[in-house]
Amino acid sequence: MKWSRTLIPTMKETPEGAEIPSHILMLRAGLLTQVMAGAYTYLPLGLRSLHKAINIVRTEMNATGAVELFMTALCPTSLYEQTNRVEAFGDVLIKTVLPRAGKKVPVVFCPTHEEEITDLVSRFVSSYRQLPITLYQIQTKFRNEERPKFGLLRTSEFLMKDAYSFHTNIESLNQTYDEMYKAYCRIFQRCGLDYLPVEAESGPIGGDASHEFMIPSVNGEDNVVCCDKCRYAANTEKAEIGGTGPQEAPDDVVRKEKAMLDTPETHTIEQVCKFLKAKPNKVVKTLIYLADSHPVAVLVRGDHDVNENKLRRLLKAEHVELADEATISKVTGAPVGFAGPVGLAQGTKIVADYSVRGMVNMIVGANEADKHFVNVNLHRDFEVDEYADVRNAVASDPCPHCMTSMTIRNAIEVGHVFKLGTKYTQALNARFLDTDESQKTIIMGCYGIGVSRIVAGMVETSYDDHGIIWPVALAPYEVNICPIKVTDEQSMQVAEKLHDELTARGIDVILDDRDQRAGVKFKDSDLIGFPLRVTIGTKGLEENKVEIKWRWSADSEMLSIGDAAETIAKAIESERVSGERFTASRSTKK
């Protein structure tokens, strides 16, 4: 491909509204252009990189035995009503009504395809002999992001690979889940991503079998709890905390006399601490939850937050949510903001995080408006029904596997594998006839990859002051041939011959045939991030040589013109498979 025959609108300045590196660089390098907030057109270079990611994903999915199909982007609203997801999605779900033959047909723009794929399977799969089967697609999804930002990382329209597996039993689901996990590792490794598999909140069955695949990044919107020693990693919804926390305080600790203090307009921990000149770790938050409509008081330290997923699992509840004002008033006798464990309504279960167990002389709400107790102590002033890990992990908490202090990183989610169980198959009546001639509900697994996020995540984590640094696997073009003087006949003959030879070898090559200064060409090449630049200059031609330089290297080398095509092709072919040069360059920078 010649530069003059394609569309590459590079920009010198940072585009207005672009805030993070991937957004800035993808616009400046001419990979994307914005149509509206949250919607982008892929320009030729961006589309080439996207197709590279798609091909890697497709190859690895096919290798697992998954079968590709292509579903509609529009889906009847009735399917989402059967699974109660119209209400669950709320305004995120893009809805419209189609006027047809005098009728109004409500439809949604699919944010995911669980409903449509399950409906399809319910109509065409009826026997255990047809299972297991894994179906996948690479399709555009739609979500009404209220505040789209960060380029491709938070959009209203995005490309996703979603796969769904269907099984007769849990063992079969477990096997496919493991295969998908391994396939995801291969996909992200082949893409050159510095990825991290993390434990995630599970589906309704399968225990801990749910994982997200994250790209550590300072601009990531997810938080990941990590142990650098044993490599344990989990998102904050799932992360466990090592040990059982402090034991009860020793008997010889001085327990001061409880006292009630006036604390006007102190509804938050920050307000209480400021008013009483106390630290948050001396305060106990009492939060009233409804677990399947039953009130529960949950105690955590003032500098901690309740993890509702842990609480739900502990209580074996289907639904857990903060109680409404009426329930709080009934349980505590006080308005919101002044709940405490002393004197709660009889029969109210009290659950406390392990970290509360060793506290003495606590500050708690007094279950009375504008009042707090100080010097409250366990056993003397109140009792706890059950201790458990019910809080979010924080930095320096011990690892659950090796007890090393953990850290918290920002990360970008690019994939998620999890077990759906029968949530959708029950709702949409997807059943099969088993070997015993009985009808049973099909069991599902779900496996998603944000394909557009692969591209954006790579740019977000692989760049320098000059521009993007692509691995060969995702680069829009692998080799950029730069003749210094396009008006020089010999330079162009060598450039075109090398272009044709490399193209014949299957190498993606672009020939910069613009009549521009060398500095302009080099800057554009570095901005876009082509992995290998071949410079053809008159001085080199005098020695019958061309110069090659890897994008991530400060050094260049000279090759004889006769050997150039063969040497370059072998190097690119090797780098496609191994990514060794690119990976080594990232390790050096770390």
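The values are calculated or read from the model by the stated rules, or taken from the named source; none is laboratory data. Since we're looking at a predicted model, the values are computed, not measured. Ideal geometry is used to build each Cβ from the backbone, glycine not excepted, and the neighbour counts take in all protein chains shown. Heads up: the accessible areas ignore ligands, DNA and RNA and are worked out on the full protein's heavy atoms, side chains in. Shrake-Rupley method; radii C 1.70, N 1.55, O 1.52, S 1.80 Å.
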Practice task
Specify the residue that is nearest to residue 544 (Cα to Cα); the eligible residues are those in the range 467-498 that are surrounded by 15 or more Cβ atoms within 10 Å (Cβ to Cβ) and free of Cβ contacts under 8 Å to residues at least 24 places away in the same chain.
Solution key: 492
Exercise for the section: Determine if the range 556-572 includes at least one residue that is surrounded by 11 or more Cβ atoms within 10 Å (Cβ to Cβ), more than 19 Å from residue 503 (Cα to Cα) and β-branched (Val, Ile, Thr). Expected result: no
Practice task
State all residues of the range 151-198 that are surrounded by fewer than 21 Cβ atoms within 10 Å (Cβ to Cβ), within 17 Å of residue 411 (Cβ to Cβ) and touching a Ser or Thr at 6+ places or on another chain (Cβ under 9 Å); if no residue qualifies, say none.
Solution key: 194
Practice task
Might you let me know whether the range 412-419 holds any residue that is assigned to a helix (DSSP H, G or I), of a type outside the set (Asp, Glu), surrounded by fewer than 24 Cβ atoms within 10 Å (Cβ to Cβ) and touching a residue at least 12 places away in the same chain (Cβ under 8 Å)?
Solution key: no
Exercise for the section: Inspect all residues belonging to the range 255-267 and state whether any of them is buried (at least 20 other Cβ atoms within 10 Å of the Cβ), touching a residue at least 60 places away in the same chain (Cβ under 8 Å), in a loop (DSSP other than H, G, I, E, B) and touching a Lys or Arg at 6+ places or on another chain (Cβ under 7 Å). Expected result: yes
Exercise for the section: Would you be able to say whether some residue in the range 212-222 is assigned to a strand (DSSP E or B), open to solvent by 40 Å² or more (accessible area, probe 1.4 Å) and among the charged types (D, E, K, R)? Expected result: yes
Handout entry: Top-ranked residue of the range 12-25 - restricted to ones that are of a type in the set (A, V, I, L, M) and in contact with a helix residue (DSSP H, G or I) (Cβ under 6 Å, 6 or more places away or on another chain), ranked as surrounded by the fewest Cβ atoms within 10 Å (Cβ to Cβ)
Key = 18
Exercise for the section: Looking only at the range 161-181, decide whether some residue is within 30 Å of residue 28 (Cβ to Cβ), modelled with pLDDT of 95 or more and under 26 Å from the mean Cα position of the chain (by Cα). Expected result: yes
Exercise for the section: Report yes if some residue within the range 98-121 is open to solvent by less than 30 Å² (accessible area, probe 1.4 Å), out of contact with any Ser or Thr (no Cβ under 9 Å at 6 or more places or on another chain) and of a type in the set (Lys, Arg); otherwise report no. Expected result: no
Problem - Among the candidates 367, 375, residue that is over 38 Å from the mean Cα position of the chain (by Cα) and assigned to a strand (DSSP E or B) - result: 375
Exercise for the section: Take residue 555 and decide whether it is closer than 22 Å to residue 570 by Cα and modelled with pLDDT under 95. Expected result: yes
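Table: residues versus (1) in contact with a His (Cβ under 7 Å, 6 or more places away or on another chain); (2) within 30 Å of residue 174 (Cα to Cα).
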site	(1), (2)
94	no, no
97	no, no
102	no, no
138	no, yes
148	no, no
151	yes, no
Problem - Scope the range 420-440; condition closer than 25 Å to residue 201 by Cα, open to solvent by 20 Å² or more (accessible area, probe 1.4 Å) and not β-branched (Val, Ile, Thr); matching residues - result: 423, 426, 427
Exercise for the section: Please state which one of 315, 299 is among the hydrophobic types (A, V, I, L, M, F, W, C) and closer than 20 Å to residue 367 by Cα. Expected result: 299
Problem - Residues being without any contact (Cβ under 8 Å) to a residue 24 or more places away in the chain and of a type in the set (D, E, K, R) - total across the range 426-463 - result: 2
Handout entry: Among residues of the range 499-516, those that are open to solvent by 50 Å² or more (accessible area, probe 1.4 Å) and in a loop (DSSP other than H, G, I, E, B), counted
Key = 3
Fill in the blank from the handout: In the range 517-551, residues that are crowded, with 16+ Cβ neighbours inside 10 Å and over 37 Å from the mean Cα position of the chain (by Cα) total 8
Exercise for the section: Answer yes if at least one residue in the range 378-386 is part of a loop (DSSP other than H, G, I, E, B), open to solvent by 50 Å² or more (accessible area, probe 1.4 Å) and in contact (Cβ under 8 Å) with a residue 60 or more places away in the chain, and no otherwise. Expected result: yes
Handout entry: Leading residue by the ranking (farthest from residue 137 (Cα to Cα)) among those in the range 80-118 that are charged (D, E, K, R) and out of contact with any strand residue (DSSP E or B) (no Cβ under 8 Å at 6 or more places or on another chain)
Key = 103
Completion exercise
Filtering the range 309-350 for residues that are surrounded by 20 or more Cβ atoms within 10 Å (Cβ to Cβ) and hydrophobic (A, V, I, L, M, F, W, C) leaves a count of 9
Handout entry: Complete set of residues in the range 357-374 that are surrounded by 17 or more Cβ atoms within 10 Å (Cβ to Cβ) and on the phi > 0 side of the Ramachandran plot
Key = 367
Problem - Any chance residue 270 is free of Cβ contacts under 8 Å to residues at least 60 places away in the same chain, part of a strand (DSSP E or B), of a type in the set (D, E, K, R) and touching a helix residue (DSSP H, G or I) at 6+ places or on another chain (Cβ under 9 Å) - result: no
